[in-house]
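Since the structure comes first, as structure tokens, the remarks are kept for the end.
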Amino acid sequence: MVEAMILRKYTLGEKIRETDIYILYAGKEVKTDRPITIFVINAKVTKPANFLSLFSPIAQKISRIESPHLVKMLDFGELDGQVAVVSEGAEGRPVSNLATKGDNLPVDIALDIASQLGEYLDTLHRHGLYQIVFEPASIILTEENVIRVLDLGLAQGLDIGSLLTKGQLKP
């Protein structure tokens, strides 16, 4: 039923990126034709029922956050036996593509990006959320030089120290 809802509301477009954990697609919202992104999480990583029950309270917190750096989550559910998370689309260049081969990113741009990421992380922390995964390819720099974080590599109320001690996260 959720699968049908997602397919009625959104169209799946081109594949943007694929990792061991998820596939990121471009798409469109059917009613408004606005661009969206759809993260389809690999079924080998998590069972949809488990993920959706854990993700629901996080999704509620995310929906209340106002930040120019957070791509708004629009929907989530199950798609073909896998978890799908739908977010607004973000136009811009991935941070991973900003420096050309052999060149470093100019210091003023790097500092601005770092400052904006700090603002983003501060906003999350004030809402009891933690970004546990960052990939430069998942951070977009808009034409207005505002960073937007596409990847919802979020966790709620993590004891990071405990995870590091147990070796579940590598420093």
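The values are calculated or read from the model by the stated rules, or taken from the named source; none is laboratory data. Note that the structure is a prediction, hence the values are computed from the model and not measured. Here the Cβ is made from the backbone with ideal geometry for all residues, glycine too, and neighbour counts use every protein chain on show. Heads up: the accessible areas ignore ligands, DNA and RNA and are worked out on the full protein's heavy atoms, side chains in. Shrake-Rupley method; radii C 1.70, N 1.55, O 1.52, S 1.80 Å.
Overview of results
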quantity	calculated
Under-5 Å amide H pairs with Leu74, H placed in peptide plane, nonlocal only	Val86, Ser87, Glu88
For region 1-124: rounded, prolate or oblate by the Cα gyration tensor [a/c cutoff 1.5]	prolate
Accessible surface, region 49-156, averaged per residue in Å² (probe 1.4 Å)	52
Neighbourhood charge, 15 Å Cβ-Cβ cut-off, centred on Thr32 and excluding it, Lys, Arg +1 and Asp, Glu -1	+2
Ser96 accessible area, assembled protein chains, probe 1.4 Å, Å²	60
Cα gyration tensor shape of region 72-126, rounded if a/c is under 1.5, else prolate or oblate by comparing a/b with b/c	oblate
Order of exposure, largest accessible area first, which applies to Glu78, Glu143, Glu66 with probe 1.4 Å	Glu143, Glu66, Glu78
Environment charge of Arg126, counting only residues whose C-beta is closer than 12 Å and scoring Lys/Arg +1, Asp/Glu -1	-1
Which listed pairs, of Lys31/Lys72; Lys15/Lys44; Lys31/Lys61, have C-alpha distances above 24 Å, in listed order	Lys31/Lys61
Rounded percent of accessible protein surface that carbon and sulfur make up, region 1-153, 1.4 Å probe	55
